[in-house]
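Asks: Have a look at this one before I ask anything.
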Amino acid sequence: MKFILGKKLNMTKVFTVDGVAIPATVILAGPCKVIAVKTPPKDEVASVQLGFGSKKKLNKPQAGHQKGEKFQYLREFRLREEKEEFKVGQSVLASVFEAGDQVSVVGVMKGRGFTGAMKRHGFHGMPASHGHNRPKAVGSIGSRFPQHTLKGTRMAGRMGGHNVTVKNLTVVDIDPAQNLIFVSGAVPGTRGGLVKISGTGKKKEAPKLYSATEVKKVETAQKKEETTEANS
């Protein structure tokens with residue numbers, strides 16, 4: 001099973017040899033280290049705890065648990081099979097993934113503050129005619145029985161700030177030297193926010209990409225053509 005912790009950096013686009021632009025999110029993945037390994041029957045589930053990021057100071061319980069390390073984030077990943085072997089102190093780098101791997105990314109959604117039901121839950125709203133002057137009203141929120149609003153009723157309230165999982169994203173490129181992973185599409189969270197990346201076990205055919213130097217050559221050639229056309 002493949003997994004790693006990372007930090008969302010920014011969005012960009014990568015170009016295939018056919019000239020197709022693929023929107024991608026750049027993630028600084030690792031380096032991480034295995035802090036603890038949980039195995040049944042001593043523990044309820046088989047999981048691995050990873051440490052990521054750096055912190056200047058830790059309290060005594062955390063310092064004792066990390067055994068000399070000073071990681072800012074500690075997160076656990078459940079193992080699909082108990083036979084998988086991990087050792088405490090083992091390093092987990094971005095190179096564990098390959099281009100074409102299908103991954104699931106978990107991040108904390110951006111906070112939207114107090115929002116209405118239309119934005120928060122996707123309500124269509126009331127009709128804009130026939131005597132209505134509150135098109136964004138929620139409408140009925142309960143019946144005569146049981147004389148109170150049921151828990152979980154979709155209403156206006158605070159939106160965002162919770163974990164969101166995006167599944168079946170594709171790793172389009174990897175830069176092991178800088179610990180960067182390029183994931184197709186958007187990833188939840190803010191810039192600099194923590195994300196959990198775990199492999200799904202599925203794989204797609206990796207797209208053939210232009211290298212950065214080749215992209216620069218193409219851009220310079222296009223600029224030269226534009227200047228010559230403008231001058232002529």
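Asks: Go through region 80-96 and give me each residue that's more than 18 Å from the chain's Cα centre (by Cα) and part of a strand (DSSP E or B).
Replies: If the condition is that a residue be more than 18 Å from the chain's Cα centre (by Cα) and part of a strand (DSSP E or B), then 91 is the only one that fits.
Asks: Could you list all residues from region 146-172 that are within 30 Å of residue 206 (Cα to Cα) and in contact with a Lys or Arg (Cβ under 6 Å, 6 or more places away or on another chain)?
Replies: If the condition is that a residue be within 30 Å of residue 206 (Cα to Cα) and in contact with a Lys or Arg (Cβ under 6 Å, 6 or more places away or on another chain), then 170 is the only one that fits.
Asks: Within region 97-144, track down each residue that is under 21 Å from residue 171 (Cα atoms) and either of a type in the set (S, T, N, Q) or not in a loop (DSSP other than H, G, I, E, B) (or both).
Replies: Scanning region 97-144 gives 101, 102, 103, 104, 105, 106, 107, 108.
Asks: Six or more apart or on different chains, Cβ under 8 Å: which pairs go from a residue in region 207-232 that's in the same structural domain as residue 184 (by TED's automatic domain parsing) to one that's modelled with pLDDT under 75 and aliphatic (A, V, I, L, M)? Could you list them?
Replies: As it stands, the answer is 210/218, since those pairs meet every condition given.
Asks: How many of the residues making up region 145-159 are in contact with a strand residue (DSSP E or B) (Cβ under 8 Å, 6 or more places away or on another chain) and part of a loop (DSSP other than H, G, I, E, B)?
Replies: 1
Asks: I'm told residue 27 meets every condition in (1) touching a strand residue (DSSP E or B) at 6+ places or on another chain (Cβ under 9 Å); (2) free of Cβ contacts under 8 Å to residues at least 12 places away in the same chain; (3) not in a loop (DSSP other than H, G, I, E, B) except one. Can you identify the failing condition by its number?
Replies: So the condition that residue 27 fails would be (2).
The values are calculated or read from the model by the stated rules, or taken from the named source; none is laboratory data. For clarity, every value in this text was computed on a predicted model and none was experimentally measured. As a convention, Cβ positions derive from the backbone with ideal geometry for all residues, glycine included, and neighbour counts pool all protein chains shown.
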